[in-house]
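Read the structure below first, then the notes.
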Amino acid sequence: MKKIFFSLILTSLLLAACGANMPNEVAAKDFWARSGMKDGNSAAYMMLQNGTDADDELIGASSDVAQAVELHLSQMKADGTMEMIQQQLISLPAGKMTELKPGSYHVMLIGLTRDLKAGDEISLTLKFKNRADLSLTIPVKDAEGMGGGGMEGHMP
């Protein structure tokens, strides 16, 4: 009886450990948006965990706080200046975490319809190639000291 009980406990623990770190979905965490002024621009950042066994792609986003929402990549040019390039998609490899952060991939909010102040919250919907849309409520934070380039070069 003790062997059966021990086997059941061990099997339960193993099954729990196998699934605990890998949800069968694409999930977002540590998300935030940069503060900004009405008619200006902002950006949203986050960690995207593809907990599935298949690659996926972030193919777009939408928000009611911006006239346009685009996927962008910030990168350093040969002359040492930052440039932001619109992306058609951001790859989300199976079982991996993808970081959207200042100075790298991000969701660009162009032509803000209202001021975004630290402490506010905004709605953002992420669109994936192979998954249902993911709607998030994202806190707005001041970007000072958070790294990455500003919104230079992005006019509505």
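Computed from the coordinates by the stated procedures, all read-outs in this text should not be read as laboratory data. As the structure is a prediction and not an experimental result, all values here were calculated from the model. Note that each Cβ is placed from the backbone with ideal geometry, even for glycine, and that neighbours are counted across all protein chains shown.
Odds and ends about this structure:
- Within the range 74-102, the set of residues being over 15 Å from residue 48 (Cα atoms), out of contact with any Leu (no Cβ under 9 Å at 6 or more places or on another chain) and buried (at least 16 other Cβ atoms within 10 Å of the Cβ) comprises 74 only.
- Residue in the range 86-105 that is under 17 Å from residue 36 (Cα atoms) and among the aliphatic types (A, V, I, L, M) present: no
- Among the residues of the range 68-84, those identified as within 27 Å of residue 38 (Cα to Cα) and assigned to a strand (DSSP E or B) are 68, 69, 70, 71, 72, 73, 74, 75, 82, 83, 84.
- Members of the range 110-133 that are among the polar types (S, T, N, Q) and under 30 Å from residue 54 (Cβ atoms): 123, 125, 130
- The C-beta contact set for the range 74-103 (first residue closer than 16 Å to residue 126 by Cα and in contact (Cβ under 8 Å) with a residue 60 or more places away in the chain, second residue surrounded by 14 or more Cβ atoms within 10 Å (Cβ to Cβ) and of a type in the set (A, V, I, L, M), distance under 9 angstrom, 6+ apart or interchain) comprises 92/26; 92/48; 92/58.
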